[in-house]
1. Does residue 50 fit the bill of being in contact with a strand residue (DSSP E or B) (Cβ under 8 Å, 6 or more places away or on another chain), buried (at least 17 other Cβ atoms within 10 Å of the Cβ) and modelled with pLDDT of 90 or more?
2. Quick one: how many residues across the stretch 29-44 are closer than 23 Å to residue 118 by Cα and part of a loop (DSSP other than H, G, I, E, B)?
3. Return the total of residues in the stretch 108-138 being surrounded by fewer than 23 Cβ atoms within 10 Å (Cβ to Cβ) and either touching a residue at least 60 places away in the same chain (Cβ under 8 Å) or in a helix (DSSP H, G or I) (or both).
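The values are calculated or read from the model by the stated rules, or taken from the named source; none is laboratory data. Not measured: the values here are computed from a predicted model. Here Cβ is always computed from backbone atoms with ideal geometry, including for glycine, and neighbour counts include all displayed protein chains.
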């Protein structure tokens, strides 16, 4: 079984990852502030797992055990993750996206908390404001210099 729960095909061979290599190259080519903005847009807005009002967010109507962790972020940001069961490709994607989350955290746009031995992520009020005004990339760029 792959890192994020993707099963190998029935023969036991890893499912081919067409597109995963291209997606890794694309993510690596992005300036860090742009990568962070993409993570914010796809994982913490719209239909993303950390979108406003979803369980585990700062706006959630009640307490929930649900949390937004790196696998949920990765699946929201790139469909290429579902196309591969290669652990190396999965780790490359998750490492790049974790770097984007770290940049968002440094800019105060997401917060990282620890529960149950793993980190989870939530957009902050500042992050919500930056997302709605289209300023995520600019704010992250300022912090990163």
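1. yes
2. So the count comes out to 1.
3. The qualifying residues number 12.
A quick yes/no check of all residues on (1) modelled with pLDDT under 85; (2) assigned to a loop (DSSP other than H, G, I, E, B); (3) more than 24 Å from residue 139 (Cα to Cα); (4) within 13 Å of the chain's Cα centre (by Cα):
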site	(1), (2), (3), (4)
27	no, no, no, yes
46	no, yes, no, no
55	yes, yes, yes, no
63	yes, yes, yes, no
73	no, no, no, yes
99	no, no, no, yes
